[in-house]
Protein chains: 2
Amino acid sequence: MDKQFEQYLLTSKDHAEKILLRYIPTEQGLQKTLIEAMNYSLLAGGKRVRPVLMYEAWKIFGGTEENLIAPFMAAIEMIHTFSLVHDDLPAMDNDLYRRGRKTTHAVYGAGMATLAGDGLLNFAFETALKASGRGHDDLVIEALKVLALKAGIYGMAGGQCADIENENAEDISDEVIEFVNEHKTACMIESSLMIGGILAGADAESVKKLETAGSYLGIAFQLRDDILNKTGTEKELGKPVGSDEKKGKVNYVAVHGLEETQKKVAELSSKAISIFDELYRNSGIEFAFLSELIKQMEARKN
Amino acid sequence: MDKQFEQYLLTSKDHAEKILLRYIPTEQGLQKTLIEAMNYSLLAGGKRVRPVLMYEAWKIFGGTEENLIAPFMAAIEMIHTFSLVHDDLPAMDNDLYRRGRKTTHAVYGAGMATLAGDGLLNFAFETALKASGRGHDDLVIEALKVLALKAGIYGMAGGQCADIENENAEDISDEVIEFVNEHKTACMIESSLMIGGILAGADAESVKKLETAGSYLGIAFQLRDDILNKTGTEKELGKPVGSDEKKGKVNYVAVHGLEETQKKVAELSSKAISIFDELYRNSGIEFAFLSELIKQMEARKN
């Protein structure tokens, strides 16, 4: 991996982690167990892709006041984590391990894990609202709208619905696969980038470009995940190989095969890169981190 | 029941229902089942107490622009409904009936019901945000903060945690009972009243009074529920008599007995009434609906 990229990625992830730690709730009171379960899930590692993307989009558009973006960086990771906690529940995928660590319900029980997911989703909004009162409440409201829209029934939750309904379906149409990948995965990537742009004061056209690039990137990310689920090792993945396919989840690879899927990844990545390259050119920032991130993602092993 | 009160209550409930219907999502798209499950839960009847309280508090403080309060009235009912859907899940209380009707998971399965609850909580914020852009975004943000705070780990979800953890406990302290009643039930009553005041432009001191009155009212409401759960008929309750006690839920009646509990209901009600009476006096509104509502609630059968 390119040295400059590697260093930038590490620094960005570290920065996102620090910000998240600043906003996690204190484990105290008669609701202590709930907060422990939330923090157990939040601090289970992960790539922190969404806050990293948000911060970078914010920098591209010249964001300066970090207190405005920091609460949203924590919030997007809380919403992402809530979705993992609920996806892993016995009533959903019934997964006992994630990233090589016991899932939240495996440690705290299904009832408390359901509540921890609820708590995380709600606390994401509480946290994002901490960006208010700094003279940019119009931007905060616009960002809150995107945050809510892309997580909900017209975003991630909508994709999850179609995913559940098509589990073990005999014949899955490309329409359904695209809907699931776009909504369940890409929507949260889109909102990460869009909120970064919005809070830096980007105009509507630029925010639209970020949304489009996020869609390409998000779907490419999901397809690469599907490939890895078939070709990776258990150690690389932190979960059994082929576990998604075994569960009969909606999966592009199962329908189109590995080669076709990787071709699609390359095609989507190249579209996203051309948008980011243009945005970086206009920004005056020399190192096009997001373009580089996509190239690395195309070949990632975990 | 007093004629004027009865008519006012009916009109208020009808008004809240109409507003809710204006904001429920359309059942279409590949996420149609999810939206159906959400609407099934939202339209399962219920007293619509929270939006009715919100609207009345808003009127007391001279609210005029209904487009500002309407999205929050729908949002508070969505959050309340989300909490019922998740409380009824097999991983929680495993209730198959509510208000004499099958619960959401009994109809749609536990996975889809989990998702429907998530969808409702998230859609509540999407809906509340529709109050923005009307020249009062400072009030909207203040109201959103209260909405999120009182539903989350320092509100309803926190109370639910303590309730779960103390299920079937041998010895429940008054501290735990008070915490559960205050957080699980009263916090959402408080936020209903507070948001009504905030959106009408009430000052901080008045909003604080609404919060205090909401706490008294909410706890009294819960204690009356506990009494009914022991003394009501199945037909009145829409669920088996004594079902909460059988489940070993935190319950004031089980510790203090019926007489003591009703005494407490009366005491709390009288405190709430004296606050509302004062607020009505200053408002110029002649009919003190909320004071009357509490008197009726003290003796309610369902």
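The values are calculated or read from the model by the stated rules, or taken from the named source; none is laboratory data. Because the structure is predicted, anything quoted here is derived from the model rather than measured. For neighbour counting, all protein chains shown are included, and Cβ atoms are generated from backbone atoms with ideal geometry for every residue, glycine included. Surface areas here come from the heavy atoms of the whole protein model, side chains and all, with no ligands, DNA or RNA. Shrake-Rupley method; radii C 1.70, N 1.55, O 1.52, S 1.80 Å.
Overall, region A:157-261 carries a charge dipole of about 480 debye about its Cα centre when +1 sits on the Cβ of Lys and Arg and -1 on the Cβ of Asp and Glu, all other atoms neutral. Taking A:Lys209 as the anchor, which aspartates and glutamates have their alpha carbon closer than 12 Å to its alpha carbon, excluding any fewer than eight residues away along the same chain? Partners within reach: A:Glu190, A:Asp277, A:Glu278. Put a plus charge on the Cβ of each Lys and Arg, a minus charge on the Cβ of each Asp and Glu, and nothing anywhere else: the dipole of chain B about its Cα centre is then about 940 debye. The modelled label-to-label distance between A:Phe287 and A:Leu10, using points 7 Å beyond Cα along the C-beta direction, is 1.2 nm.
Amide H contacts for B:Lys249 (H built 1.01 Å from N in the peptide plane; partners 5 or more residues away or on another chain; cut-off under 5 Å): B:Asn168. Using θ = phi - 60° in the Karplus curve 6.51 cos²θ - 1.76 cosθ + 1.60, the 3J(HN,Hα) couplings for region B:17-32 round to 4, 4, 5, 4, 4, 5, 10, 5, x, 6, 7, 8, x, 6, 9, 4 Hz; x is entered for Gly and Pro. Computed from the C-beta positions of B:Lys247 and A:Lys32 and an R0 of 22 Å, the FRET efficiency is 0.45 to the nearest 0.05.
Ratio to report: Rg/Rh of region B:154-202, with Cα atoms as the point set and Rh obtained by the Kirkwood method; give two decimals. Write down the numbers at each step before the final one.
Values: Rg = 13.7 Å, Rh = 11.7 Å.
Over the Cα atoms of region B:154-202, Rg/Rh equals 1.17.
Each residue of region A:75-84 is assigned a 3J(HN,Hα), and the resulting list reads 4, 5, 6, 5, 5, 4, 5, 3, 5, 5 Hz, derived from the Karplus form 6.51 cos²θ - 1.76 cosθ + 1.60 (θ = phi - 60°), x at Gly and Pro.
Estimated at 0.36 nm per residue, the fully extended path between A:Glu170 and A:Glu205 surpasses their Cα-Cα distance by 8.5 nm.
Take every Cα pair under 8 Å in region B:212-302 that's 6+ residues apart, average their separations, divide by the length, and report that relative contact order as a whole percent. Please list the in-between numbers first.
Values: 89 pairs, mean separation 37.2, N = 91.
Relative contact order here is 41 percent.
The Rg/Rh ratio of the protein assembly as shown, with Rg taken over Cα atoms and Rh as the Kirkwood radius over Cα pairs, comes to 0.99. Entry for region A:69-196 at q = 0.18, 0.19 Å⁻¹: log10 I(q)/I(0) = -1.00, -1.07, Debye formula applied to identical alpha-carbon scatterers, no solvent contribution. Taking only the C-alpha atoms of region B:41-83, the Rg (one decimal) and the largest Cα-Cα distance, Dmax (whole number), read 10.9, 32 Å.
Ordered from largest to smallest accessible area (heavy atoms of protein chains, 1.4 Å probe), the residues B:Arg300, B:Arg48, A:Arg99 come out as A:Arg99, B:Arg300, B:Arg48. Kirkwood hydrodynamic radius computed over region B:53-131 comes to 13.7 Å, based on all pairs of distinct alpha carbons.
Can you pull a Stokes-Einstein diffusion coefficient for region B:166-302 at 20 °C (1.002 mPa s), Rh from Kirkwood over Cα pairs, as a whole number of µm²/s? Reported coefficient: 135 µm²/s.
Checking the Cα-Cα distances for B:Lys263/B:Lys295; B:Lys230/B:Lys263; B:Lys13/B:Lys145; A:Lys208/A:Lys271 against a 21 Å cut-off, the pairs over it are B:Lys13/B:Lys145. Here the calculated FRET efficiency for A:Gln296 and B:Arg134, from their Cβ-Cβ distance with R0 = 41 Å, stands at 0.35, rounded to the nearest 0.05. Using a 7 Å projection from Cα along Cα-to-Cβ, the label point at B:Asn94 is separated from the same position in the remaining copies by 1.5 nm, smallest value first. In this calculation the C-beta distance from A:Val107 to B:Lys3 is compared with R0 = 41 Å, giving a FRET efficiency of 0.10.
Each Lys or Arg adds one and each Asp or Glu takes one away; over the other residues whose Cβ falls under 14 Å from the Cβ of B:Glu66, this sums to +3. Once you treat every alpha carbon in region A:153-243 as an equal point and sum by Debye, what is log10 I(q)/I(0) at q = 0.17, 0.20, 0.24 Å⁻¹? The calculated log intensity ratios at q = 0.17, 0.20, 0.24 Å⁻¹ are -0.81, -0.98, -1.14. Residues in region B:275-292 carry Karplus couplings, in order, of 5, 4, 4, 5, 4, 5, 4, 6, 7, x, 7, 7, 8, 7, 4, 5, 4, 5 Hz; the curve used is 6.51 cos²θ - 1.76 cosθ + 1.60 with θ = phi - 60°, and Gly or Pro positions show x. The radius of gyration of the Cα set in chain B, together with its Dmax, comes out at 18.6, 54 angstrom. Between this copy and the others, label points of B:Gly242 are 5.5 nm apart in ascending order, each placed 7 angstrom from Cα in the Cβ direction. Close amide-amide hydrogen proximity is noted between A:Tyr97 and A:Thr103, each under 5 Å apart and 5 or more residues distant or on a separate chain (H modeled in the peptide plane; Pro and chain starts excluded). Projecting 7 Å from Cα along the Cα-to-Cβ direction, the label point of B:Thr64 sits 3.9 nm from its equivalents in the other copies, listed shortest first.
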